[in-house]
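The values are calculated or read from the model by the stated rules, or taken from the named source; none is laboratory data. Computed from a predicted structure; not experimentally measured. Heads up, the Cβs are rebuilt from the backbone with ideal geometry, glycines too, and the neighbour counts pull from every protein chain shown.
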Amino acid sequence: MGFFDKLKQGLTKTKESINDKINNVFSNFRKVDEELLEELEEALVMSDIGMETSVKIIDNLRERVKKEKLEESEQVKEALREEIEKILEAPDNSLKLDTKPSVILVIGVNGVGKTTSIGKMAARLARDGKKVVVAAADTFRAAAVEQLEVWAKRAGSEIVKRQEGSDPASVVYEAIDIAKKENADVLIIDTAGRLHNKKYLMDELNKIQKVVNKEMPESSKEVLLVIDATTGQNAISQVKAFKEQADITGIVLTKLDGTAKGGVVVGIVQENNIPVKFIGVGEQIDDMEIFNAKDFVKAII
């Protein structure tokens with residue numbers, strides 16, 4: 001199955017939710033007027049896109065309807081697709097892995113699919129011919145290291161680990177040393193699932209970042225926040241909390257295949273100007289893809 005087909009299948013619930021709401025609006029109107037636009041705005045808000053973002057999309061659409069004299073519902077729908085695409089394409093979502101080694105620091109609360117995402121990313125990078133080392137720096141959660149080890153093995157990556165409860169920063173220090181010695185292309189670092197109210201976990205994250213910056217000052221660095229799409233609007237508040245602690249360069253959106261709330265991605269990008277870099281649309285190791293705005297919008301509307 002090609003990526004677009006997989007994406008379309010994975011986004012079935014989101015598509016049903018958004019498409020049905022939008023189609024209902026169009027089926028109730030004979031002409032393109034202010035009332036139609038207001039109903040469309042409400043449909044977007046109800047599709048987890050968020051109030052602020054929905055207002056922006058409809059404001060832009062309103063301008064286009066006037067300027068381009070759009071009178072057919074299909075023309076308006078196409079313009080709507082384009083406006084959502086523009087938001088998702090605005091921040092550059094290419095992976096910056098220009099040095100050897102480069103670093104990907106992976107952050108996010110427990111339960112969002114962080115470990116699984118690391119395994120899938122490692123497998124993807126390995127398919128691109130890159131040598132990957134994985135640092136198991138989530139030493140707080142029981143079985144986190146073992147879980148990561150299983151995924152690293154499946155991805156054909158080396159893992160650097162210590163026993164549960166070890167100092168995470170020291171694991172990272174050792175992993176950096178190994179990545180350099182073995183001439184690895186990418187070092188992926190797992191971190192403990194931190195909630196913004198757990199100060200000691202946030203302190204650990206800062207310690208890890210200091211070690212990376214000190215030991216690899218010239219290296220390309222990606223800080224990827226893993227977000228569970230099923231949490232809907234709660235995902236936006238998670239992004240805000242983590243932004244205070246880390247310079248997030250991209251979002252990894254997981255569990256899109258299990259939710260009707262995939263529209264939240266539009267609000268996340270618009271409100272934070274952070275690109276979505278990867279999306280997960282299934283359970284298999286190759287079910288993680290680089291995000292493509294055009295395909296995403298086509299799959300949901």
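Of all the residues that make up segment 96-108, how many are buried (at least 22 other Cβ atoms within 10 Å of the Cβ) and either assigned to a loop (DSSP other than H, G, I, E, B) or among the aromatic types (F, W, Y) (or both)? Selection size over segment 96-108: 2. Can you tell me which of (1) out of contact with any helix residue (DSSP H, G or I) (no Cβ under 9 Å at 6 or more places or on another chain); (2) over 26 Å from I274 (Cα atoms); (3) among the hydroxyl-bearing types (S, T, Y) is the one S157 doesn't meet? Here S157 meets the rest and fails (1).
Does segment 154-171 contain at least one residue that is closer than 18 Å to L97 by Cβ and part of a helix (DSSP H, G or I)? Yes, some residue in segment 154-171 is closer than 18 Å to L97 by Cβ and part of a helix (DSSP H, G or I). Restricting attention to segment 198-228 and to residues that are surrounded by 17 or more Cβ atoms within 10 Å (Cβ to Cβ), closer than 15 Å to S170 by Cβ and out of contact with any strand residue (DSSP E or B) (no Cβ under 8 Å at 6 or more places or on another chain), the residue that is modelled with the lowest pLDDT turns out to be E204. For segment 138-159, the condition holds for at least one residue, the condition being that it is of a type in the set (F, W, Y) and surrounded by fewer than 22 Cβ atoms within 10 Å (Cβ to Cβ).
Among residues of segment 262-289 being at pLDDT below 85 and part of a strand (DSSP E or B), the one that is nearest to V226 (Cα to Cα) is G280.
Scanning segment 128-145 for residues that are farther than 12 Å from T191 by Cβ and at pLDDT below 90 yields A142, A143, V145. Quick test for you: out of E35, E71, pick the one residue that is more than 29 Å from the chain's Cα centre (by Cα) and without any contact (Cβ under 8 Å) to a residue 24 or more places away in the chain. The match here is E35. Would it be correct to say that V150 is more than 20 Å from V223 (Cα to Cα), without any contact (Cβ under 8 Å) to a residue 60 or more places away in the chain and among the β-branched types (V, I, T)? Here the answer is yes, as V150 does meet what is asked. Of the residues that sit in segment 177-197 and are in contact (Cβ under 8 Å) with a residue 60 or more places away in the chain and part of a helix (DSSP H, G or I), which one is surrounded by the most Cβ atoms within 10 Å (Cβ to Cβ)? It comes out as A179. Within segment 55-68, being without any contact (Cβ under 8 Å) to a residue 40 or more places away in the chain and not hydrophobic (A, V, I, L, M, F, W, C) holds for D59, N60, R62, E63, R64, K66, K67, E68.
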